[in-house]
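The values are calculated or read from the model by the stated rules, or taken from the named source; none is laboratory data. Bear in mind the structure is a predicted one, so any value in this text is a computation, not a measurement. Methodologically, a virtual Cβ is constructed for each residue, glycine included, from the backbone with ideal geometry; neighbour enumeration extends over all protein chains shown. For accessibility, only protein heavy atoms count, side chains too; no ligands or nucleic acids. Shrake-Rupley method; radii C 1.70, N 1.55, O 1.52, S 1.80 Å.
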Amino acid sequence: QVQLVESGGGLVQAGGSLRLSCAASGIIVRIAAMGWYRQAPGKQRELVARIFSGGSTNYADSVRGRFTISRDNAENKVYLQMNSLKPEDTAAYYCYALISGTDYWGSGTQVTVSS
């Protein structure tokens, strides 16, 4: 069984920064991709950023240039550095991993950006 555990959410003022972390544990053969999604109240869950095993990345247009995703392959961890945060970044952020063809999700961590 694979588990994803997020940390690093919280309350920050607009313009501030936060760093999210996610650690994958369990029986892990190969992680093809890890990333972050977010869901604001009343909205659908959306991709924030994703990083593949080879190092290539995808970012949502709304966060490109402000957020940076990185990965520690040896520790099965993924990070999201969020700078210049805006109130519209307020959401529950979910860690995601594609492991041996199966999607796994963390339970989420709340990020709240005050204006």
**Fill in**
Note on the stretch 10-41: residues part of a loop (DSSP other than H, G, I, E, B), open to solvent by 30 Å² or more (accessible area, probe 1.4 Å) and modelled with pLDDT of 95 or more are Ala14, Gly15, Ser17
**Message:** Checking Leu80 against (1) open to solvent by less than 40 Å² (accessible area, probe 1.4 Å); (2) not in a strand (DSSP E or B); (3) not β-branched (Val, Ile, Thr), only one condition comes out false. Which one?
**Reply:** (2)
**Test: residue in the stretch 48-61 that is of a type in the set (Gly, Ala, Ser) and closer than 15 Å to Asp89 by Cβ** = yes
**Fill in**
Given the conditions (1) on the phi < 0 side of the Ramachandran plot; (2) open to solvent by 20 Å² or more (accessible area, probe 1.4 Å); (3) in contact with a strand residue (DSSP E or B) (Cβ under 6 Å, 6 or more places away or on another chain), every one holds for Ile51 apart from (2)
**Item:** Answer residue from the stretch 66-77, given it is without any contact (Cβ under 8 Å) to a residue 24 or more places away in the chain and part of a strand (DSSP E or B) and is least open to solvent (accessible area, probe 1.4 Å) among those
**Value:** Phe67
